[in-house]
Protein chains: 2
Amino acid sequence: MANPVLVEALRGGVVESRHRGAVAVVDADGGQVVAIGDVERPVFPRSAVKAIQALPLVESGTADAYHFGNREIALASASHAGEWAHVELVQAMLARAGLDEPALECGAHWPTNHETTVALARSGAVPTQLHNNCSGKHAGFLCTCVHNGIDHHGYIGHGHAFQEMVREALETVTGAAHSVDACGTDGCSIPTYAVPLKNLAHGFARMASGTGLSSARAAAARRIFAACTAEPFYVAGTGRADTVMMEAGGGRLFTKGGAEGVFCAAILELGLGIALKCDDGAGRAAEVMVAAVLRDLLPEDDPLRTALAAMAQPALKNWRGIEVGSLRPAGALAG
Amino acid sequence: MANPVLVEALRGGVVESRHRGAVAVVDADGGQVVAIGDVERPVFPRSAVKAIQALPLVESGTADAYHFGNREIALASASHAGEWAHVELVQAMLARAGLDEPALECGAHWPTNHETTVALARSGAVPTQLHNNCSGKHAGFLCTCVHNGIDHHGYIGHGHAFQEMVREALETVTGAAHSVDACGTDGCSIPTYAVPLKNLAHGFARMASGTGLSSARAAAARRIFAACTAEPFYVAGTGRADTVMMEAGGGRLFTKGGAEGVFCAAILELGLGIALKCDDGAGRAAEVMVAAVLRDLLPEDDPLRTALAAMAQPALKNWRGIEVGSLRPAGALAG
């Protein structure tokens, strides 16, 4: 059974491309609020669960010991764009643990922020691992290792003591088994586990509400969400979906995209968790889907709906800046 | 009725993403050889029909008058990567008509070739319209205007005398109406018309065989295909799918990708035309689809099948160069 078409790309009034997907919305008690498409099929959440992966950093007391504020905790939960402020703060985080760039095991790539790539090239430099969009998360991992006396070498590997801490957090929060059978390697070389969307959604409802978590874990989740919503630039970067949505949300929305068309999100005041995947892995469609889902979950008269509705229908412009089409939510998300 | 899944993206043995699509293969007489999914639904061919759009350049005598060889004609049919050799040749083509970069109306963007972008930034320069992936086609357009006494200003516009020449060529070769109702604006600002995949496939069978075309048009089509297959670097660029496939084909295959997951192709010795679209617009999946379709159309003992089969199953590596998954043809293309 094919998942439904949830996003259409239009050009000149004709539907040019179609994106299918599945969406789960779950409340703090695990009740299914929305289920579109197959929400039981395991999907790799990729970077969308970085907030859960940041739990050990806070729970272990590392963030306090290293005097990490909202920016550092947001960056530890980020897929950042490699902008200067991101790179400098990652380096500062590593320095707290007495480490520097070579300790990272995430690999190097040019910044996803194009202006930064051009400026970096213009300066004659090449990107380092600090520019990797996952370097903030990895800095959080390394700091947690050092503070807790765990040998950080090979911290990215499946079975490493630190990755076992991360796996425990993911299993407890989502309530889904994270088995070696469903384990792949992520872009930044750490394990990623395929789990059902309904479990991911429940996990983000728990992160938002604390329901079903130990009080220490609930407090850590609250702190991570507060950090990300207070400093959305450090979770993504200039003009990027997570930053724009969380800025618009003014502390009410948590969102985090992942590679291959995944989004996890929460509406904090409602204790609702959202998880979705665009079948084909397109980020452009996943962004439309999450904006449309969040819009539909808010009350009719909520001004935030207007901002989200606009994000759910972005214009497509060509190289001369001419508007040639748009994306729009379709089917159950048509609104 | 959903088109079938034709490409799967795997990570650690788990299918992470799925791409659906439709494929038409038609012979020179219009006989349907393969039809997968909905081949009647109009699709925008985008850049995949540049070889047809180059017919006026050759038919009008412009290419001869300006002493254009294989490289110039290939570049006039190209979506190039903005590498130095591309940019210099576009400028040289414009110079033959007494024009320079400002005459182009395609807009500017950074080269799609990343090394060239870095080198350009390092030199302190910014991209011009010459770097636009469509600038070779636009240079061909401008030369044709100048040689034929057509005012080139606004040559990109629907209804401009030159675009009418292009539209006539597209209609005649594909046998499909190119109506204003199905007209959108392409990335480089010229009109693009949505037509059924079966017509696009038939058009490329005609281009390959000359069947059903006037002798002048058949000769022009032959010349364009000969130019592209002789100089595949000028059709795309270093390491890109069209270049790699046509190099492997050694003059037997013509291929041309377009934005939003479209591919048109031909097997010259068989007089077969191929047109396909990945529903969601993903280029990575369209490349796998076209390689798999071409593989399946060749005889079992053809060594070219081996090269195409490898292109149909590319490895996916992460930022540390670790192989984390692959793409593979699925369903009717599983092979």
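The values are calculated or read from the model by the stated rules, or taken from the named source; none is laboratory data. Everything quoted here is computed from the prediction, not taken from an experiment. Note that we place each Cβ from the backbone using ideal geometry, even for glycine, and neighbour counts take in every protein chain shown. SASA here: full protein model, heavy atoms, side chains in, ligands and nucleic acids out. Shrake-Rupley method; radii C 1.70, N 1.55, O 1.52, S 1.80 Å.
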Count - residues of the stretch A:1-36 that are under 23 Å from the mean Cα position of the chain (by Cα) and in a loop (DSSP other than H, G, I, E, B):
6
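Against the definition (in contact (Cβ under 8 Å) with a residue 40 or more places away in the chain, open to solvent by 20 Å² or more (accessible area, probe 1.4 Å), closer than 18 Å to A:Lys137 by Cβ and not aromatic (Phe, Trp, Tyr)), how does A:Glu59 come out, yes or no?
yes
Each row is one residue, and each column tells you yes or no for (1) assigned to a helix (DSSP H, G or I); (2) of a type in the set (Lys, Arg); (3) closer than 28 Å to A:Ile274 by Cβ; (4) more than 14 Å from chain B (Cβ to nearest Cβ).
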| position | (1), (2), (3), (4) |
| --- | --- |
| A:Leu99 | no, no, no, yes |
| A:His109 | no, no, no, no |
| A:Thr112 | no, no, yes, no |
| A:Gly124 | no, no, no, no |
| A:Ala139 | yes, no, yes, yes |
The stretch A:62-81, residues that are part of a helix (DSSP H, G or I), touching a His at 6+ places or on another chain (Cβ under 9 Å) and open to solvent by 10 Å² or more (accessible area, probe 1.4 Å)
A:Ala65
Within the stretch B:82-91, track down each residue that is more than 14 Å from chain A (Cβ to nearest Cβ) and either open to solvent by 40 Å² or more (accessible area, probe 1.4 Å) or under 19 Å from B:Val244 (Cα atoms) (or both).
B:Glu83, B:Trp84, B:Ala85, B:His86, B:Glu88, B:Gln91
Could you check the stretch A:206-218 and list, in sequence order, the residues that are open to solvent by 30 Å² or more (accessible area, probe 1.4 Å) and touching a residue at least 40 places away in the same chain (Cβ under 8 Å)?
A:Arg206, A:Ser209, A:Thr211, A:Gly212, A:Ala216
Count, please, the residues in the stretch A:18-36 that happen to be within 14 Å of chain B (Cβ to nearest Cβ) and either surrounded by fewer than 23 Cβ atoms within 10 Å (Cβ to Cβ) or aromatic (Phe, Trp, Tyr) (or both).
1
What number of residues in the stretch B:284-335 are in a loop (DSSP other than H, G, I, E, B) and away from every other protein chain (no Cβ under 12 Å)?
12
Would you please name the residue that is nearest to A:Lys50 (Cα to Cα), looking only at residues in the stretch A:240-295 that are crowded, with 21+ Cβ neighbours inside 10 Å and of a type in the set (Asp, Glu)?
A:Asp242
Pairs under 8 Å by beta carbon, first residue under 11 Å from A:Ala81 (Cα atoms) in the stretch A:228-253, partner open to solvent by 10 Å² or more (accessible area, probe 1.4 Å) and not in a helix (DSSP H, G or I), six or more apart or different chains?
A:Val235/A:Ser79; A:Ala236/A:Ser79; A:Ala236/A:Gly257; A:Gly237/A:Glu83; A:Gly237/A:Thr112; A:Gly237/A:Asn113; A:Thr238/A:Glu83; A:Thr238/A:Asn113
Could you please find all residues in the stretch A:298-335 being in contact with a helix residue (DSSP H, G or I) (Cβ under 7 Å, 6 or more places away or on another chain) and in contact (Cβ under 8 Å) with a residue 60 or more places away in the chain?
A:Leu308, A:Met311, A:Leu327, A:Pro329, A:Leu333
Out of curiosity, is A:Leu120 under 14 Å from A:Ala227 (Cβ atoms) and crowded, with 22+ Cβ neighbours inside 10 Å?
no
Among the numbered criteria (1) more than 30 Å from A:Val118 (Cα to Cα); (2) open to solvent by 40 Å² or more (accessible area, probe 1.4 Å); (3) in contact (Cβ under 8 Å) with a residue 40 or more places away in the chain; (4) within 14 Å of chain A (Cβ to nearest Cβ), which one does B:His158 miss?
(3)
Restricting to the stretch A:37-56, name every residue that is open to solvent by 10 Å² or more (accessible area, probe 1.4 Å), within 14 Å of chain B (Cβ to nearest Cβ) and in a loop (DSSP other than H, G, I, E, B).
A:Gly37, A:Asp38, A:Arg41
Among the numbered conditions (1) touching a residue at least 24 places away in the same chain (Cβ under 8 Å); (2) in contact with a Lys or Arg (Cβ under 9 Å, 6 or more places away or on another chain); (3) within 13 Å of chain A (Cβ to nearest Cβ), tell me where B:Cys143 comes up short.
(3)
Exactly one condition in (1) within 14 Å of another protein chain (Cβ to nearest Cβ); (2) modelled with pLDDT of 95 or more is false for B:Ser179; which is it?
(2)
Subset of the stretch B:126-137 that is within 12 Å of chain A (Cβ to nearest Cβ) and in contact with an Asp or Glu (Cβ under 7 Å, 6 or more places away or on another chain) - its residue that is surrounded by the fewest Cβ atoms within 10 Å (Cβ to Cβ):
B:Thr128
Every listed condition ((1) within 19 Å of the chain's Cα centre (by Cα); (2) not in a loop (DSSP other than H, G, I, E, B)) holds for A:Thr116 save (1)
